[in-house]
1. I'd like the accessible area for R94: 1.4 Å probe, protein heavy atoms, all chains in place, Å² to the nearest 10.
2. E156 accessible area, nearest 10 Å², 1.4 Å probe?
3. To the nearest 10 square angstrom, how much accessible area does M179 have with a 1.4 angstrom probe?
4. Give, rounded to the nearest 20 debye, the magnitude of the charge dipole that the stretch 145-279 has about its Cα centre when Lys and Arg contribute +1 at Cβ and Asp and Glu contribute -1 at Cβ.
5. Taking the Cα centre of the stretch 117-222 as the origin, how large is its charge dipole in debye, to the nearest 20, when only Lys and Arg (+1) and Asp and Glu (-1) carry charge on their Cβ atoms?
6. For the charge dipole of the stretch 153-279, defined by +1 on Lys and Arg C-beta atoms and -1 on Asp and Glu C-beta atoms about the Cα centroid, which residue among V199, A268, Q159 has the Cα displaced farthest towards the positive pole?
7. Per residue, how much accessible surface does the stretch 120-265 expose to a 1.4 Å probe? Answer in Å², no decimals.
8. Residue separation times 0.36 nm, minus the C-alpha to C-alpha distance between I269 and T210: what's the value?
Amino acid sequence: MRNLKIGSLSLLVCILMATVNVQAQQNEIGLAFYGGLGTIKFDGSDVLDGGNGGVSVDYLLRLDENWGIQVGMSYGYYQIKLEENNVKGSYFTRDNEAEEFEFRYNIDRFTETLKGSYFAIPLSLRYETSFRSNTNFYLQGGLKYSFYSKVSSDIEANQLHTSGYFAYSDTELFGPTYMGFGEFDRLVEDKKMKLKQGVSILGEIGIIQTLANDQPLYLGIYIDYDMANPLKNPSRIVNYNTEGLQRLNLQSIIEQEQHEKYRLRMFAIGLKIRYAFGL
């Protein structure tokens, strides 16, 4: 009886070790390339246009035949363009003699291009079908934590009209231009800004094609949605300066929060191809 128990225990241990070994062999290391469309989550925008792309490496830990946990590292880039027509705004400020007035502006056409890169750590849960064929399907979802480099911003305002309304004298000044009032054909601004880290929701769906060497090739569509609230309609795009020779300068749409660092709030969708090496 004792020998039977020992034999049964030994058999159970062997089965467990074999199961662990089989699962370990099914784990994967993957290399992926992705690219597609990218925008920022922004209220009040007429046209948002841009792109994103990158490369990633990951490790897939199999939980069973269908489920797995994937963790990885990715490096990506983005370029986002914003265009708006007839942009108006006003706010109270002071002139070089400390007199308070209302600064008013109207831009016929405003454009801004944001460019930068990021390093990210995605963590997700994957489900795969297990049909006995060379083609299967997968569904994946999770979170991504991104570290952004400084974003480069190229801003341009065409046909800018400004004025200053002084309430104490009920007067609106439309000049002179050296004081920042009047008509300006073109005003440009180039700057770099620090960005806060971002957390986004990941989603992916696609097919799995088993190649001749029994290695899987993944072809899918991905969605990357930043969890931060969308930007509000910009309250100040043109800054009035009381000191210096340049009275006017332009402000990025992501600078509306008036912080040292800003949130990008990106939304991306595109295609992804992943080649996996079984372990």
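1. 120
2. Per-residue accessible area (E156): approximately 50 Å².
3. M179 has an accessible surface of roughly 40 Å² with all protein chains in place.
4. Details: 14 positive and 16 negative charges, 105 e Å.
That gives the stretch 145-279 a dipole magnitude of about 500 debye.
5. Numbers: 9 positive and 11 negative charges, 152 e Å.
Result for the stretch 117-222 is approximately 720 debye, rounded to the nearest 20.
6. It is V199.
7. Here the per-residue accessible area is 55 Å².
8. Numbers: separation 59, 0.36 × 59 = 21.24 nm, distance 2.51 nm.
That pair, I269 and T210, stretches by 18.7 nm at full extension.
The values are calculated or read from the model by the stated rules, or taken from the named source; none is laboratory data. Since this is a predicted model, take the numbers as computed values, not measurements. In this analysis, Cβ positions are derived from the backbone assuming ideal geometry, glycine residues included, and neighbour counts consider all displayed protein chains. Surface areas here come from the heavy atoms of the whole protein model, side chains and all, with no ligands, DNA or RNA. Shrake-Rupley method; radii C 1.70, N 1.55, O 1.52, S 1.80 Å.
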